[in-house]
1. Looking at the range 90-126, which of its residues are under 18 Å from the mean Cα position of the chain (by Cα), part of a helix (DSSP H, G or I), of a type in the set (D, E, K, R) and closer than 26 Å to residue 55 by Cβ?
2. Mind checking which residues of the range 117-130 are in contact with a helix residue (DSSP H, G or I) (Cβ under 8 Å, 6 or more places away or on another chain) and surrounded by 12 or more Cβ atoms within 10 Å (Cβ to Cβ)?
3. Could you please tell me which pairs satisfy a Cβ distance under 9 Å, a separation of 6+ or placement on different chains, a first residue in the range 75-92 that is within 11 Å of residue 124 (Cα to Cα), and a second residue that is among the β-branched types (Val, Ile, Thr) and outside any helix (DSSP H, G or I)?
4. Say we look at the range 81-104 and pick out the residues that are farther than 16 Å from residue 57 by Cβ and surrounded by 12 or more Cβ atoms within 10 Å (Cβ to Cβ); which of these is modelled with the lowest pLDDT?
5. Go through the range 73-89 and count every residue that is part of a loop (DSSP other than H, G, I, E, B) and of a type in the set (Gly, Ala, Ser).
6. Give me a count of the residues in the range 61-70 that are closer than 11 Å to residue 131 by Cβ, out of contact with any helix residue (DSSP H, G or I) (no Cβ under 6 Å at 6 or more places or on another chain) and not polar (S, T, N, Q).
Amino acid sequence: MIKIGTVNGDVIEAGGVKNVTNNYYGKPEGELTEDLTLTDISQVPACLKTEEAEELMEELSRAGLLSEDWQPRVSRPEAALMANMLSEKLGIAHKWKVFEQFWSRNNMRSDYNTALEQRKSLEFQEKLKKVLF
């Protein structure tokens, strides 16, 4: 998890809230509530819940390109290349919509076009091919 800030003394992390100490949640001040981190399977799009998709996502995680909860650990243009290649491999129709929602990113098509203009993206594409194919 990545710490992105605090609210009223509570630590806010990417993916959810941890250790909330607020009476609103029915706990006395100072007593920690349950972990509210958003990591359940319901957040994963249906097209990524197939056996083949799960294997590919886990392989990308082992390669260090995705986190344990399948979020990109690469630049925006590289994530767009990854989304495109995964979509082709898995036959995902509305690739940008699916991955923009799942990865909380906007304008992935623009990121993809940026990646195609960058020389270093060729090396990244070769790395993806080795992992995915």
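The values are calculated or read from the model by the stated rules, or taken from the named source; none is laboratory data. Source: prediction; values computed, not measured. With ideal geometry, Cβ positions are generated from the backbone for all residues, glycine too; neighbour counts draw on all protein chains shown.
1. Result: 95, 97, 100, 111.
2. Step one: list which residues in the range 117-130 are in contact with a helix residue (DSSP H, G or I) (Cβ under 8 Å, 6 or more places away or on another chain), which gives 118, 121, 124-125, 128-129.
Answer for the range 117-130, where residues must be in contact with a helix residue (DSSP H, G or I) (Cβ under 8 Å, 6 or more places away or on another chain) and surrounded by 12 or more Cβ atoms within 10 Å (Cβ to Cβ): 118, 121, 124, 125, 128.
3. 81/74; 82/74
4. Out of the qualifying residues, it is 94.
5. Quick first cut of the range 73-89, residues part of a loop (DSSP other than H, G, I, E, B) only: 73-75.
Pick out the ones that are also of a type in the set (Gly, Ala, Ser) and you get 75.
Matching residues across the range 73-89 total 1.
6. Selection size over the range 61-70: 3.
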